Amino acid sequence: MPKILLIEDEVNVASFIERGLSENGFTVDVVYNGKSGLEKIYSETDYHLLILDIILPDITGLEVCKKVRQKLGYTMPILLLTALNTTEDIVTGLDLGADDYLTKPFKFQELIARINAMLRRQPINDESEIFSFADLEMNLQTKIVIRSGIPITLTAREFRLLEYFMKNAEIVLSRTEILKYVWEVHFDLSTNVVDVYVNYLRNKIDKNFQTKLIHTKVGMGYVLKAE
């Protein structure tokens, strides 16, 4: 069953789309601003398609589209919803990586037709297998990690931890979130297993480099950020 993320700040519109998509056999998650949408995409990588309103209350849908393409490549289709129907607006969205657009108001049958057409298309490339941040690069397929051209050897657990940081770059991750993703279980929060493994990773990723990437946010968790 295809899984769709809808980012739409108008509650009535979001509810209408969610209900219609569910009735047509899709699984739908809904968020109401760009920042929450990005966090959802980076933490849950099993979405088959993104429906994205351009006008959002925090960051624009165009900015969200750009960030998704930069980080995850082109394997997930993006459909823009917009009340802006000028040629310039449409071209801008497509240039930033959107696959299609639909102007408001629209007929729901047309939305379903656009979605089905995009889901039938094959992925353009395998860019989503490679993540880059600052001078750090990791390849999920070959399991190779390189920083400034220098190969870095990681254990399987360290690799998964770094993968989670890379998918959520510049987002503060709590220890609970890290435990759930990296270990897939809920540990007693008194354990320092996360701190231990973050230190292991730091010794390999940051120790011999001037710019540190893994930072502690006291009382909150950790963040991958170039400072």
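What whole-number value in Å² describes the accessible area per residue of the chain for a 1.4 Å probe?
That works out to 53 Å² per residue.
Calculate, in nm to one decimal, what ASP9 and ASN208 gain on full extension: separation in residues at 0.36 nm each, minus their alpha carbon distance.
Contour length minus the Cα-Cα distance gives 67.2 nm.
Which lysines have a Cα less than 20 Å from the Cα of LYS40, not counting those fewer than 8 places away in the same chain?
Cross-link targets: LYS3, LYS66, LYS67, LYS71, LYS167, LYS180, LYS225.
For the chain, what's the relative contact order in percent, using C-alpha pairs closer than 8 Å and at least 6 residues apart?
Relative contact order of the chain: 13 percent.
Kindly provide the helix-only [θ] at 222 nm of the chain, computed as the sum of -39,500 (n - 2.57) over DSSP H runs of four or more divided by all residues, to the nearest 500 deg cm²/dmol?
-11500 deg cm²/dmol
Specify which labelled value, from (1) 1.11; (2) 1.00; (3) 0.93, agrees with Cα Rg over 2.2 N^0.38 Å derived from the coordinates of the model shown.
Of the labelled values, this structure produces (1).
Label-point separation (nm) for SER36 and ASN192, each offset 7 Å from Cα along Cα-to-Cβ?
About 3.7 nm, to one decimal.
Whenever you get a sec, compute what percent of the accessible area on the chain sits on carbon and sulfur atoms (1.4 Å probe).
50 percent
List the aspartates and glutamates whose Cα lies under 15 Å from the Cα of LYS143, skipping any in the same chain that are fewer than 8 positions away.
Hits, sequence-local ones excluded: ASP126, GLU127, GLU129, GLU158, GLU163.
The values are calculated or read from the model by the stated rules, or taken from the named source; none is laboratory data. This structure is a prediction, so every number in the text was calculated from the model and none was measured. Quick reminder, even Gly has a Cβ in these numbers, built from the backbone with ideal geometry, and neighbours come from all protein chains shown. Remember, those area values only see protein heavy atoms, side chains included, never the ligands or the DNA or RNA. Shrake-Rupley method; radii C 1.70, N 1.55, O 1.52, S 1.80 Å.
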